[in-house]
Each structure stands twice: as structure tokens, then as C-alpha cells.
Amino acid sequence: MAEVFDDSLGIYGTQPTGHLELLARLPAHDLAGFERVVRQHRAAVRLRTLRGSAFLIPTHLLPITQGATRSRNARAFGAMLRKRLQTPYETWAERILDVLAGGPLPRAAIKAALGAAEDPELLGYCVAQAATENRIVAVPEPGGWRADRIVFHRWDDWLPGVDVWSMPGDEARVELARLYLDRHGPATVDDFSFWSGLTKAQSQGALEAVAEPAGGDYWATTAPAGEPPPLRLLPIWDTLFVTYRNRSRFVAPEHYPLVYDASGNATSVVLIEGWAAGVWQFGKDDRHLEVTAAPFDDFTAAQWEAIEEEAWRIGGLAGSATVTVERGEGPVDLTRAPRNRFMRPLS
């Protein structure tokens, strides 16, 4: 599992997306293994980093990812907080550390412990900003595959000796570009900028420091491409769909509106030999899990059987007694659909 984190340079940090991403890349994935890797060995850390989104990042890469994105992420909520708070943000950040001196707490308990006449929503943003600045760290709590409960620890309590300030920004951006091309190249400046959240100028400079142009707008290293799996059920916001600005290597242009909504959110996709071939969703009853899939064109009988096998693997995570695969109606144009339809594309 640690290798999957490393090969992907992190996966989406919220559940159930994170577990479904791991299951698509690691057939033996289970919740006990996740607990060992993330909580016992602390080999991956959930934090706001690339593009300001929540990712589970390999711990040994934190000086690189945080060094590269620090100048961007420092602005995440800082300007808003410094403008709207009655008490300076730095004061609240220190108080949050004091509250957590007694042990980890969820966000709501931290806000309650602060006991201030401040807007509770702003105090929530203070917690988020303190985590973004690596003063505190969000740690997933044990639970089912859908559970997305986290508690916050003081950074030095959870990761003593992990210095995320050890690499200067310019050096970290070059190393991040090297890692990105090794895992995901060939890619363009726009791809790297989109994935990392760095500016175009920062992205261009970092790529120029580590590679030569590979033709056209593409940059590459000598890393070989892996063989795509025959069929996988990828969740919403899967890492694959936020790795490149240009998605034409795995989504046909005519299918873009069936995969991405107007805001660029990627829905849950049936991936066949590396290409988006349909969409899918799952029901709310874990004991009798229902998975619905619909092709862009058509699925063969063998592909429907593979979808059922994948659905049963999800049922294994969910502890399902039964799993049913339904054939859904055709996918809809998500760019014209109501907000958040991408979360359940076949509703």
C-alpha cells in the first residue's frame, strides 16, 4: 500500500474515494492494512497540499510536496482570517496547539474547547489553516470504508522528527517535477501546473531543470509506462482524473461532458484498458450492496462479468452479504446537470 501511495504521489484523502482508489490499484486492499500503514506506521499523512486539496501523501515526500506548495497554501485561508477575525489568527493558532496538548480532538471539540465569542465558522477555518501550515495534522480514525472521521494531533506529537521545512521552495519544486515526470510523464507544463497548483512560471522552470522536451509541448524522462488494467471501477475525484490538464490520453473528447461537470469534478468511471468507457455508482445499503453501471457505447458480456467481479471486491470492503450489479440508463451530460450530480451520475 505504501508503494501505491508512492507511485501515485498521493491519493485523494477523503473516504470512500481513498479506499476505492486503493482498491482499484491494490487488489488485496483492506481496512486493516490501511490502519497499519496510515496509523501504525504513519507512512502517509492526510493534508491540504497539491492544488490546495486534501491528499494522503507519503510521509517521506512531505518535505518536497510541502516545500513546493507552501507559498501557495499559506494563502489558503490566511488572508480571509486576518481580515475577519476579531482576535489575530496567530493567537488562535497558538490556542489550538494548547488545546491539543491534552491529546487529539475532532474539529468540533477543538472549537468548543476554545470557548470564544468568535464566529464558529471562522474558528473552523483557523483549524484548517493550522493544519495547512503543518502546525497540526489530520489523522483518519478507524471505521468502515465510508467513514471519514478525523481527529487532529499536534504535528510534533504525531510526526516527531519529520521536518517539512527542510527543503527550500525552488529546490522542492524541481524535485516535485522530477517525481511527477518519473511517475506520470510525458506531460506538459499545463499538466504539471494543473496537478500541482504551481504557477505556469514555476512549473516551466522546474521542468526545465529536470528534463528535455520530448516533442511538441511534452516533457519526459525515461520512465516506462505501465500496462493499464483490463477493467477497474474508479471513484469520483480519482487521482488519475486530476493528474493531467489534457485528459485526451484516457477520455475521448466526445465523452468529456459525461465524465466531468462544469466545475471540472470527475465522476465515478468504468475504466477499460486505460480508457473511460462508462460511469457507475453504488447504493447506500452496505449489507446488500447495489452497483449500477452504464456504458458510453456498450459493454461486452465479458466486461459485465468483470464489472461484477469489481463490485464484489467493493462488497468485500463493505462487508456485504450480497452484491447486485444493475444496468443503468445512459450517462447524462454532467456539464448541464444539477450541481453535484457527478457524485451520483446514474441517479
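The values are calculated or read from the model by the stated rules, or taken from the named source; none is laboratory data. Remember, it's a predicted structure, so these values are computed and weren't measured experimentally. Quick reminder, even Gly has a Cβ in these numbers, built from the backbone with ideal geometry, and neighbours come from all protein chains shown. Each accessible area value is taken on the protein alone, full model and side chains, heavy atoms only, with ligands, DNA and RNA left out. Shrake-Rupley method; radii C 1.70, N 1.55, O 1.52, S 1.80 Å.
Miscellaneous remarks
- A Förster distance of 30 Å, applied to the separation of the beta-carbon atoms of ASP285 and GLU309, puts the FRET efficiency at 0.90.
- Pairs of Cα atoms nearer than 8 Å and 6+ residues apart set the relative contact order; for region 275-342 it is 36 percent.
- Of the solvent-accessible surface of region 45-152, computed with a 1.4 Å probe over protein heavy atoms with every protein chain present, carbon and sulfur atoms account for 53 percent.
- The shape of region 210-347 can be summarised by an equivalent ellipsoid whose semi-axes, obtained from the alpha carbon gyration tensor, come to 29, 18, 14 Å from longest to shortest.
- Contact order relative to length of the chain, as percent, for alpha carbon pairs under 8 angstrom and 6 or more apart: 15
- Rounded Å value of the spacing that divides the Cα centres of region 97-112 and region 265-305: 41
- Alpha-carbon centroid distance for the pair region 183-261 / region 1-74, whole angstrom: 18
- In a fully extended conformation the segment linking TRP165 and HIS60 would gain 36.5 nm over its present Cα-Cα distance, using 0.36 nm per residue.
- Cα convex hull volume per residue for region 1-127 (Å³): 123
- With the convex hull of its Cα atoms as the shape, the chain has an orientation-averaged projected area of 18.5 nm².
- For region 206-271, the solvent-accessible area of protein heavy atoms averages 47 Å² per residue (probe radius 1.4 Å; ligands and nucleic acids excluded).
- The P(r) of region 180-238 has a tail past 19 Å containing 37 percent of all C-alpha pairs.
- For region 123-216, projected area of the alpha-carbon convex hull averaged over all directions, nm²: 8.5
- Residue of VAL137, VAL332, VAL127 that the Gaussian network model of the chain assigns the largest fluctuation, springs spanning Cα pairs under 10 Å: VAL332
- Each residue of region 301-318 is assigned a 3J(HN,Hα), and the resulting list reads 4, 5, 5, 5, 5, 5, 4, 5, 4, 5, 4, 5, 5, 5, x, x, 5, 7 Hz, derived from the Karplus form 6.51 cos²θ - 1.76 cosθ + 1.60 (θ = phi - 60°), x at Gly and Pro.
- Taking amide H as placed 1.01 Å from N in the peptide plane, TRP219 has its amide H under 5 Å from the amide H of ALA187, THR188, ALA214, each at least 5 places away in sequence or on another chain.
- Most to least packed among 277-289, 244-256 [average Cβ atoms within 10 Å]: 277-289, 244-256
- Seen from all directions on average, region 35-83 presents a Cα convex hull projection of 3.8 nm².
- Probe 1.4 Å, accessible area per residue of region 104-172, Å²: 45
- Dipole of the chain, positive end: most advanced residue of TRP155, TYR125, ALA44 [Cβ charges, Cα centre]: TYR125
- Accessible surface of region 183-236, 1.4 Å probe, proportion on carbon and sulfur as whole %: 54
- P(r) weight above 17 Å for region 80-140, C-alpha pairs, percent: 28
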